[in-house]
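What follows is a single structure, written as structure tokens, with notes after it.
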């Protein structure tokens, strides 16, 4: 088994995470916890096996979350995973291209 790669969030991806959590929290504390738990589990899965998810736009990869309408868009560099976007499924594909 290989070690997980380090990862970081692009500042705008972090903002997207916070905005989504704020919305879920305003509706239900429990749903907010579920969202954060699922999101961080997904990021840890990416860090352990970044090539498991398919290639996406502009050289990125994408993990589609199962319970929530979000995708995690990331770059798989040799030593680091960069989370480019925590993208809601209703947003225009590739809106985050300027972050690359």
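Protection proxy ranking, highest mean first, for peptides 72-84, 8-20: 72-84, 8-20, where packing is the per-residue count of other beta-carbon atoms within 10 Å, averaged.
The alpha carbons of the chain stretch over 39, 32, 22 Å along the principal axes, in descending order. Look at the Cα gyration tensor of the stretch 47-100: its axes a ≥ b ≥ c give a/c of at least 1.5 with a/b at or below b/c, and that counts as oblate. For the chain, the longest principal axis of the C-alpha atoms and the axis of helix 11-27 are separated by about 30°. Eigenvalues of the alpha-carbon gyration tensor of the stretch 1-41, scaled by 5 and square-rooted, set the equivalent ellipsoid semi-axes at 24, 15, 4 angstrom, largest first.
Nearest 10 degrees is fine. How inclined is helix 29-48 to the longest principal axis of the chain, computing both from alpha carbons? Taking the Cα atoms of the chain, the angle to 29-48 is about 0 degrees.
Quick note: the coordinates plus some simple rules give every number you see, no bench work behind them. The model shown is predicted, which means the values in this text are computed figures rather than measured ones. Cβ coordinates were reconstructed from backbone atoms using ideal geometry, including for glycine residues, and neighbour counts include every protein chain displayed.
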